Each structure stands twice: as C-alpha cells, then as structure tokens.
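Okay, so here's the structure we're looking at.
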Amino acid sequence: MRAKHPLLFVSSLAGFVAMAGCRQDMHNQPRYKPLAPSDFFGDGRSARPVVEGTVARGHLRIDKARYTGKENDMDVTEFPFPITRADLLRGQERFNIYCSPCHSRIGDGNGMVVRRGFRQAASYHTDKLSKAPIGHFFDVMTNGFGAMPSYASRVEPDDRWRIAAYIRVLQFSEDAKAVHDANIQSKAVYLNIPFFIGRALIYFAVWFLYSHLLTKWSAEQDRTGDERLIGKMRAISAPGLVVFTITATFAFIDWIMSLEPHWFSTIYGAMFIIGEMLESFAFVIALMIVLSKLSAIKKFIMPQHLHDLGNMMFAFMVLWAYLSFSQFLIIWAGNLPPEIPWYVSRLRGGWGWVALTLVVFHFATPFVLLLMRGIKRRAHRLFRVCLLMIALRLVDVYWITEPAFFGQNIRIHWMDFVTPLAVGGLWLAVFFGQLRSRPLLPMRDPRLQGAPREMVAF
Ligand code: HEC
C-alpha cells in the first residue's frame, strides 16, 4: 500500500526515530517505591502484602540442619549432602580464600594475619576440634566465634559445608604440614630426625675431642712441665676456633632456630656464640673471684687482671648487643612476611617486657657499670656484674626459645625451671669434678711466673 500522505509518513518516521533515540532506562520508569502510598488499592498501599509463608527465592530452607548445622539445638554429626571430590576441591579453594589468612593453609592457626599480630586463631589440630562434630564448624562460620567474625555473608551455606569437609581433610592428613608447605618440604633433606641426631653426635664428638685433648695436655704439663705442650695446645686451638664456630652455629640452628623452620637469620649463629662467650667470661670471672677467696690463687690475681677480664666481658657484651640489634634492625626494616613474625611474637604480650628487660639489664646497665674502673678492679663489685650477666643470659635464651612454642602468650611451664637446673647441674657437676681433680694453677706453665709483670690473665 502506498502512503497517501507523505507528510504524515515522514513526520511519523521522524517521531519514531526521535523516540528510539530517546533513552528511557528501566530505573527511570514511573513506578512505586516499596511501601509508597497509592490510591490504586482500597487500603492505600501500592502493593499487596505477601501471602503468609512466602519465602524469597533460594531461601526455602526446609532442611534446617543444612542451614544451621544444628538439629534439636545440637551440632549435627553428619554432612547434609554427600561430599564429592569436586566439593572438597571447592572447599579447599574457599578455605584458602576465606580462612587461611588467619588459620593458615594447614590449619594450625598461624596464618599471615595472625603472624602480623591478630589474635591467635584456633588450630584445627587440637584434640577439641578434632573431635568436634562437623556441625560445629558450620556454626562457627555462620555465627562467628569469639574474635572471629561470621562468614555467613561471604560464604554461602553449601560452601560452608565444603569448607568444613576440607577442614576434616586437613585434620585427617597426619603430615598435612609437610605436604602443604613447600618451604618446609624443601628443608626436609636437612631437617629430618636421623640427620638431626647424627649431626648432634658429630658436634659432641668434636667438642669432646677438643676438651679431652686440651685437658689431657694441660694435665701432662702440670706433671712434666714439658714446654712443647704449650705449642701443641696452641696448634689445635687456633683452627679450633674455626671448628667451634662452625659446629656451634650448626648446633644452634638445629636446636633452637629449627623450632620455627620457616624463619632464618644469618646472624643467629654469631649472636649465640658471642652470647656464649659472654656467659663463659661471666662464669669464669665469678668463679675465679670465689676461688681467690678460698685458695692460694689469690696472690696471683691483681686488680689489673680483673680489670682486663672485665674489659673482655664488656667487649663481648657490646658485641652481643651489636649482633642482636643488627638482626632486629635488618628484619624490622625489611618487614618481610617470612621474617618479621619472629619479632612480632617476641615483642607482643608479656614478651615485650622481657625484651625491654634485656635491653636495660643485659645491655644498658652492664654497659655503664663495666665502663667504670672502680667496678672492674674490685672483686666483689665485678662479681655482682657477673651474676647479673649470667642471669640475663638465661633470660635471653628463654626469650629467644620460648615463643617458638606458645607464640605471643607467655606461659610459664615447670620445665622452664627444671631444664636449666638439670642440664646446667649436670654440666656443673662434671665441671667441678674436673676442677677438683687437679691443681687450680698451672704451676709449671712458664707464663705463670711472669704473670703479674706481664699482666697476663690466665
Ligand atoms: C580474621 C581471622 C580469621 C579468619 C579469616 C577466620 N578465623 Fe576462624 N578463628 C579466628 C580466631 C581468632 C579464632 C579464635 C577465636 C577465639 O578464641 O576468640 C578462630 C576460631 C575458629 C574455630 C574454633 C572454634 C572453637 O570451637 O574453638 C573454627 C572452627 C574456625 N575458627 C573456623 C574458621 C573457618 C572455617 C574460617 C573460614 C571461613 C575461619 N575460621 C576464618 C580467626 C579467624
């Protein structure tokens, strides 16, 4: 059919084009806002009330256990639907997204957020949680627990079950730690029990050999006065310093650093060895002062000797402080995730006070005291500084070791007292046994006679 009125056709076409170009978005349409008044219905409302019992789509939760994790107010013990491999994989994925920041990928409660100072999250590997019914995990995710917020808004109910299933997997897998932790796995070549014990045997063998040879030759010299023995002792002692440094570094890495296998520090060995030297000086000086009251060595000990020994102790104390602070400074400045948690757990909670005690009494106080001649040259005063040093060395080792077990919470355990007493007691018993069995002074050492003049501290 042909248009009889071209004008009408053109104008209606123009109108059509204009209308098509004119956007009218859905959200601009005339409509009632929810609950807005309207006179369309008799009761003045714009919409009809929903029929009683109406449920929003996707919210028909007849299966109560599935959406609350509870039945008759008790946590359910069975999964509401069969868990397949796909469910577990999904659970693992959701777990790693939502839970691992605090609970860690292996569920030990030491996730990144916790290592940066958030409240310690629960470990799933405790007795309590291993035995907890599965509904409990669902409930914790749905409603939160203590410091842990609810995850209901982020993890939909079925995913919560899948996460719970994955937590069960973590709990069941006995060596979940090593399996999930590539870092630890790569260290397993070194950090395994047979090699660990083997190394400890080597350290002790080397140390025992050295102490055996040195005491044997020293006793021989007391007997025979053979001067060549001094040369022999020197000849093994010089490389012995290197041997000792290497074995002791490995020993401290094995025995203390490996308690936290993720963490490492290259200053560690030196820090401990210098601390050990400091402790040895404090111990030997204190013992010498006591013995000088009781025995004939008194006449060989001049104030100058005490002064020199006090200076040596001072030097090692400052070196200890330097190394300890360097480690702190480097790690703090680097602020790297694998490194910083070591300090975070040692500076929070009560541990901060212990650290402060170390700064004040292991460093600042002896620093001032040992600068004074009047203290270094008087036996009874130096003796007290030595006791302070010995006590604070123990605190330092405690501060370094203990947080590896309990994280940020100080927990005093009876073993904390019994272990130093037992191990230290054993050592002291052997030490005093040896000390008693031979003369206190190396009477035939030619250097002894020249001691007061040359001011050699033996
Ligand atoms: C922001 C850190 C954080 C996140 C993320 C987190 N949790 Fe927790 N969770 C905690 C803390 C902290 C506790 C210990 C709560 C307390 O004792 O106050 C805890 C405790 C728990 C407990 C133990 C409850 C009990 O009975 O002792 C379970 C189970 C748990 N969380 C599961 C999960 C699951 C599953 C997720 C992932 C959906 C998750 N958490 C995510 C911090 C977190």
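The values are calculated or read from the model by the stated rules, or taken from the named source; none is laboratory data. Source: prediction; values computed, not measured. Glycine gets a Cβ as well: all are built from the backbone with ideal geometry, and neighbour counts include every protein chain shown.
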Discussion item. If I go through the stretch 366-386 residue by residue, how many of them are assigned to a helix (DSSP H, G or I) and either farther than 30 Å from I253 by Cβ or touching an Asp or Glu at 6+ places or on another chain (Cβ under 6 Å) (or both)?
Written reply: 13
Discussion item. Under 6 Å between Cβ atoms, which residue pairs at least 6 apart in sequence (or on different chains) link something in the stretch 123-137 that is polar (S, T, N, Q) with a partner that is near the ligand (Cβ under 10 Å from one of its atoms)?
Written reply: S123/G109
Worksheet item: Residues of the stretch 160-173 being of a type in the set (K, R) and more than 9 Å from the ligand (Cβ to nearest atom), which ones?
Response: R162, R168
Response to the item:
Selection from the stretch 84-102 of residues near the ligand (Cβ under 9 Å from one of its atoms) and either among the small types (G, A, S) or in contact with a helix residue (DSSP H, G or I) (Cβ under 8 Å, 6 or more places away or on another chain) (or both) yields R94, F95, Y98, C99, S100, P101, C102
Fill in: One residue from D73, D87, D108 being under 28 Å from P403 (Cβ atoms) and of a type in the set (D, E)
D108
Practice prompt. Under 7 Å between Cβ atoms, at least 6 apart or on separate chains: pull out the pairs that start in the stretch 281-309 with a residue that is assigned by TED's automatic domain parsing to the domain that holds V385 and part of a helix (DSSP H, G or I) and end on any residue that is among the basic types (K, R) and surrounded by 14 or more Cβ atoms within 10 Å (Cβ to Cβ).
Written response: P303/R377; L306/K376; L306/R377; H307/K376; H307/R377
Practice prompt. May I ask you to list the residues in the stretch 362-371 that are touching a residue at least 24 places away in the same chain (Cβ under 8 Å) and crowded, with 16+ Cβ neighbours inside 10 Å?
Written response: H362, F363, P366, L370
Discussion item. Let me confirm something: among G374, G334, G425, G433, which residue is exposed (fewer than 13 other Cβ atoms within 10 Å of the Cβ) and touching a Lys or Arg at 6+ places or on another chain (Cβ under 8 Å)?
Written reply: G374
Item to complete: Say whether the condition of being in contact with a Leu (Cβ under 6 Å, 6 or more places away or on another chain) and within 12 Å of the ligand (Cβ to nearest atom) is met by at least one residue in the stretch 111-118.
Response: no
Worksheet item: How many residues does the stretch 125-159 contain that are crowded, with 18+ Cβ neighbours inside 10 Å and within 7 Å of the ligand (Cβ to nearest atom)?
Response: 7
Discussion item. Here is a list: G275, G269. Which entry is touching a Lys or Arg at 6+ places or on another chain (Cβ under 8 Å), in the same structural domain as L319 (by TED's automatic domain parsing), under 30 Å from L336 (Cβ atoms) and of a type outside the set (A, V, I, L, M)?
Written reply: G275
